[in-house]
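A.B. asks: The following block contains the structure, expressed as C-alpha cells.
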C-alpha cells in the first residue's frame, strides 16, 4: 500500500492579521487562524490518490498546540493519521529551519512513497518549503502537475507550462507541489466533522526528532524580518460611456493595455 505524507500549515487569516510591532512578525495568538488554502488542494491530491490506488495518508504540521485544529480538519476530510510537530524551541523558525524540522520528523515517521505540499503559504508567500524539503530528503520534486498516475514503483506525471506539454516518469519516493488550480477540494461529511476531534494526534517534539536548540527557532534561522507593512487592495469603479460597440472597443483596449487580454 502506498504511504503518502501531506504537509499542511495553520496560517493567520491575512485579512485580519495582527503584527507584533517589536519583531515585525504576525501575532498568531491574536489572529484568527485557518488552514493554508494551497494545503487544502495538497490534501485533495493525496486523498484522490488514496481513492484511486489505495494508500495510507498522513497529515503533518509544525506549529504551536493550537495548530492541531487543522489536523482535526484533515481527519474530517479523510486522512488516516495526523502528526503535530510542536516545541517552544521551534518558535521563530524561518522557512529553512521549518523544512529542516519537517524533514527530520518525516524521517522518524518511517518509509513513504509520496510527499505532497501546497505551493506556498499565505502568511509568508516564500514558496520555499517544498523545494527545501526535497533537498533535505534528497528526493525529486515536481510542480505544475496536470495529471498524476502511479505505475508500480514509479509515478507518471503530465505537466503543462503554458503551451508546452511534458510527460515525466520518476521513481518513488517523490515530492509534489500543488497549487490552488490543481483540483477541487472535497467537502467533509457532517458525521466526520462531528467525530474528527476524537481521533488521536501524534505529537513530536525536539526530543523526538533530534538536534540542538541552536539549530532551531530564531537562533538557527538565517532570515531576519526587517520591516512589515499592512496593505490592502482597493477596487475602483469606472463607467464606460458610448454605445455597445464603443464600450466593447474601450474595454478590449484596457484589457490589452494591462496584459489581461493578449490576443
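A.B. asks: Select from the range 120-141 the residues that are farther than 12 Å from residue 9 by Cβ and outside any loop (DSSP other than H, G, I, E, B) and list them in ascending order.
C.D. replies: Within the range 120-141, 131, 132, 133, 134, 135, 136, 137, 141 meet the criteria.
A.B. asks: Looking at the range 182-204, can you tell me whether even one residue there is modelled with pLDDT under 85 and within 24 Å of the chain's Cα centre (by Cα)?
C.D. replies: Yes, there is a match, as at least one residue in the range 182-204 is modelled with pLDDT under 85 and within 24 Å of the chain's Cα centre (by Cα).
A.B. asks: Also, I was wondering about something else. When you scan the range 32-42, how many residues do you find that are touching a helix residue (DSSP H, G or I) at 6+ places or on another chain (Cβ under 6 Å) and either assigned to a strand (DSSP E or B) or surrounded by 16 or more Cβ atoms within 10 Å (Cβ to Cβ) (or both)?
C.D. replies: Number of matching residues: 1.
A.B. asks: Please specify each residue of the range 49-78 satisfying the condition of being closer than 24 Å to residue 92 by Cα and outside any helix (DSSP H, G or I).
C.D. replies: Scanning the range 49-78 gives 59, 60, 61, 62, 63, 64.
A.B. asks: Farther than 22 Å from residue 106 by Cβ, out of contact with any strand residue (DSSP E or B) (no Cβ under 6 Å at 6 or more places or on another chain), modelled with pLDDT of 85 or more and surrounded by 10 or more Cβ atoms within 10 Å (Cβ to Cβ): does that describe residue 243?
C.D. replies: On the way: farther than 22 Å from residue 106 by Cβ: yes; out of contact with any strand residue (DSSP E or B) (no Cβ under 6 Å at 6 or more places or on another chain): yes; modelled with pLDDT of 85 or more: yes; surrounded by 10 or more Cβ atoms within 10 Å (Cβ to Cβ): no.
In short, no.
A.B. asks: When the residues of the range 91-119 are narrowed to those that are assigned to a loop (DSSP other than H, G, I, E, B) and crowded, with 21+ Cβ neighbours inside 10 Å, which ends up farthest from the chain's Cα centre (by Cα)?
C.D. replies: Pass one, the range 91-119, residues assigned to a loop (DSSP other than H, G, I, E, B): 91-94, 110-113, 119.
The next check asks that each one be crowded, with 21+ Cβ neighbours inside 10 Å; those that pass are 93, 119.
Working: 93: 17, 119: 5 Å.
The selected residue is 93.
A.B. asks: Would you mind listing the strands (runs of 3 or more DSSP E) fully within the range 143-187 where at least 2 residues are in contact with a helix residue (DSSP H, G or I) (Cβ under 8 Å, 6 or more places away or on another chain)? Step through it out loud before you land on a result.
C.D. replies: Values: elements: 145-151, 154-161, 164-171, 174-178.
Because the criterion is at least 2 residues that are in contact with a helix residue (DSSP H, G or I) (Cβ under 8 Å, 6 or more places away or on another chain), the strands (runs of 3 or more DSSP E) in the range 143-187 that meet it are 145-151, 174-178.
The values are calculated or read from the model by the stated rules, or taken from the named source; none is laboratory data. Keep in mind it's a predicted model, so treat the numbers as computed, not measured. Please note: Cβ atoms are built from the backbone with ideal geometry, for glycine as well, and neighbour counts cover all protein chains shown.
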